[in-house]
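So the structure is just underneath, and the comments pick up after that.
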Amino acid sequence: MIIFIDTSAWVKFFIKENGTEEIQYFMLNKSDSEKHSYAASAVTYAEMMATFMRSFKGNRITQDQYNQIIIQFDEQWENFNISEVNIHLVKRSGMLAQRYALKGCDAFQLASALNVQTDLFIASDHDLLKAAKNEGLIVWNPISEEYSEIKAER
């Protein structure tokens, strides 16, 4: 099982907000009960780092928390399969952006997920999830759905 996680969901693992408990439980417990691998888009690294820095600058997290988050994220990142960036992926991103009126990075995320032939697409962005579902992916939003509901759909 290939599990693709978008920045909008993955950041919840590190920064407390709606969906944090669900994504932490899934990544630490639930997904271990199945044979799987995680995948992400190359753009995710920059998006995550930017979010962490904005959280620090906005006083949502302390300097110590920021430093710990960076270490934990880098450790997780090393265990993820990152979709290779090539001209095909870039063009597919553009096509998806046009088809679904997605933001550039969201289109890149979806193209990356399709590129790795993901079995489960995790995100918390409504427009991105809708586009992913339209592209035939099984989707999960940790803010609004239980993972068991998604498993029942397979």
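The values are calculated or read from the model by the stated rules, or taken from the named source; none is laboratory data. Note that the coordinates shown come from a computational prediction; the quantities given were computed from them, not determined experimentally. Neighbour counts run over all protein chains shown; Cβ positions are idealised from the backbone, glycine included.
Residues 79, 29, 18: which one is within 20 Å of residue 116 (Cβ to Cβ) and over 13 Å from the mean Cα position of the chain (by Cα)?
Result of the check over 79, 29, 18: 79.
Going through the range 50-64 one residue at a time, which ones are in a helix (DSSP H, G or I) and not aliphatic (A, V, I, L, M)?
51, 52, 54, 55, 56, 57, 63, 64, listed by residue number.
Given the condition surrounded by 13 or more Cβ atoms within 10 Å (Cβ to Cβ) and within 15 Å of the chain's Cα centre (by Cα), answer yes or no: does some residue in the range 61-74 qualify?
yes
As an exercise: evaluate residue 53 against (1) among the aliphatic types (A, V, I, L, M); (2) modelled with pLDDT of 95 or more; (3) under 20 Å from residue 119 (Cβ atoms) and give the number of the one condition it does not meet.
Single failed check for residue 53: (3).
Given the criterion more than 18 Å from residue 8 (Cα to Cα), under 16 Å from the mean Cα position of the chain (by Cα) and of a type in the set (Val, Ile, Thr), identify the matching residue among 90, 85, 116.
Exactly one residue qualifies, and that residue is 116.
Would you confirm, using the coordinates I've provided, whether residue 95 is closer than 17 Å to residue 4 by Cβ and not in a loop (DSSP other than H, G, I, E, B)?
In short, no.
Residue 12: out of contact with any helix residue (DSSP H, G or I) (no Cβ under 9 Å at 6 or more places or on another chain) and either charged (D, E, K, R) or part of a helix (DSSP H, G or I) (or both), yes or no?
no
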